[in-house]
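This report concerns only the one structure given below.
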Amino acid sequence: EAFKRYTKARTQEGAILNTLMSSPAIPQELKKESAAEIAKVLLKTVAQATTVEEQTQVTQKLRKTIRDVLDKTAIHSESAISEILKLCEVDPDLEHAANVATYAVTFAMAFGKIAPDLLADIALAALLHDIGLSQLPISTVSKPWKSLDPDTAKEYTDHVRYSLNLIQEYSHTATDRVKLLIEQHHEKFDGSGYPNGLKGFKVNDISQLISMADIVDSFSSGRWDGQKRTLKDTLQILNTLEKYQTFPEYFNPEVYQAIDYWISETEAGETLTEVVETVGTQAKTVIKSAA
């Protein structure tokens with residue numbers, strides 16, 4: 001019955017996740033496993049879009065679901081996250097930030113990471129990751145990544161430093177972890193990223209989730225080369241790029257392969273209803289055994 005409390009939530013999926021993650025009767029490990037399975041179902045659903053228009057619609061629905069989750073989990077930074085997401089609804093220029101936050105939080109939950117303060121930090125870092133672009137010439141930020149000449153590309157990398165400077169000066173809710181995630185969101189696993197050229201496991205795993213969300217949405221939205229794509233087409237391009245490398249370029253291969261599998265798996269897998277029914281059955285069993 002608890003899973004039927006859908007009032008005040010934007011989506012049924014968001015209500016289910018909120019009920020699951022806030023229930024004191026469900027053990028933490030079961031919460032993690034169940035939230036992970038629901039997140040994977042959501043990713044598979046988003047990846048079923050066959051047109052760019054359909055992709056936009058399903059991504060917007062996923063964004064509403066994640067907003068439901070953040071309404072309940074983003075305690076220390078709830079106001080900042082809520083206000084930024086409201087702005088994203090009316091300002092198309094902020095849609096990328098909202099999508100990166102949406103995907104990054106979904107990726108985190110799919111890995112079983114549901115600690116409220118962590119999800120809040122991921123969301124805030126994702127929403128603010130490109131704020132430094134406001135300090136660059138419009139001629140630089142309006143061009144697709146792939147078309148930037150070497151000098152302009154170098155200028156573009158300064159946006160990370162500008163982002164950190166702005167957050168340091170104006171944001172009082174950003175934790176040290178938020179700043180770290182923003183600082184590392186353009187680092188690459190092979191060491192070719194910026195601003196610090198970190199390599200391998202020196203790159204924070206959570207920052208990798210934001211980095212992947214950033215690249216996935218940039219490829220899908222046309223920020224990479226000017227061409228919009230579905231999520232499934234985007235993953236095919238990323239797979240091709242990674243396979244051409246003798247060493248993984250962008251991501252920790254374990255992180256990337258897991259997300260790629262969840263998104264591009266051909267089998268339909270469990271539906272959301274089936275996952276919820278399984279969780280409900282497991283929860284009842286655990287509660288009875290503890291009584």
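The values are calculated or read from the model by the stated rules, or taken from the named source; none is laboratory data. Treat the numbers as computed from the prediction; the structure is a model and nothing was measured. With ideal geometry, Cβ positions are generated from the backbone for all residues, glycine too; neighbour counts draw on all protein chains shown. Accessible surface is based on the protein model in full, side chains and every heavy atom, while ligands, DNA and RNA are left aside. Shrake-Rupley method; radii C 1.70, N 1.55, O 1.52, S 1.80 Å.
By the helix-only formula, in which each DSSP H run with n ≥ 4 contributes -39500 (n - 2.57) and the sum is divided by residues, the chain has a 222 nm mean residue ellipticity of -20500 deg cm²/dmol.
Taking the protein heavy atoms of the chain in the context of the full set of protein chains, the accessible area attributed to carbon and sulfur is 52 percent at 1.4 Å. Calculate the translational D of region 138-263 in whole µm² s⁻¹ from Stokes-Einstein, where the hydrodynamic radius comes from the Kirkwood formula applied to all Cα pairs, the temperature is 25 °C and the viscosity 0.890 mPa s. Rounded, D is 158 µm²/s. Exceedance of the 24 Å cut-off in Cα-Cα distance is limited, within the set K44/K146; K64/K232; K44/K86; K86/K154; K146/K228, to K44/K146; K44/K86; K86/K154.
Using +1 at the C-beta of Lys and Arg and -1 at the C-beta of Asp and Glu, which of N204, T102, T19 has the Cα lying farthest in the positive direction of the dipole of the chain? Of the listed residues, the answer is T19. When you restrict to C-alpha pairs under 8 Å that are six or more residues apart and normalise by the size of the chain, the relative contact order lands at 21 percent. Compared with the dominant principal axis of the Cα atoms in the chain, helix 253-264 is inclined by about 70°.
Against the empirical 2.2 N^0.38 Å (N residues), region 163-228 has a Cα radius of gyration ratio of 1.22. With equal scatterers on the alpha carbons only and no solvent term, can you work out the Debye log10 of I(q)/I(0) for region 66-187 at 0.12, 0.21 1/Å? Log10 I(q)/I(0), no solvent term: -0.44, -1.22.
For the chain, the longest principal axis of the alpha carbon atoms and the long axis of helix 12-22 meet at an angle near 80°. Based on a Kirkwood Rh over C-alpha pairs, give the Stokes-Einstein translational diffusion coefficient of the chain at 20 °C and viscosity 1.002 mPa s in µm²/s. Roughly 109 µm²/s, to the nearest whole number. Annotation: per residue accessible area for region 34-126 equals 38 Å², rounded to a whole number [probe 1.4 Å, protein chains only].
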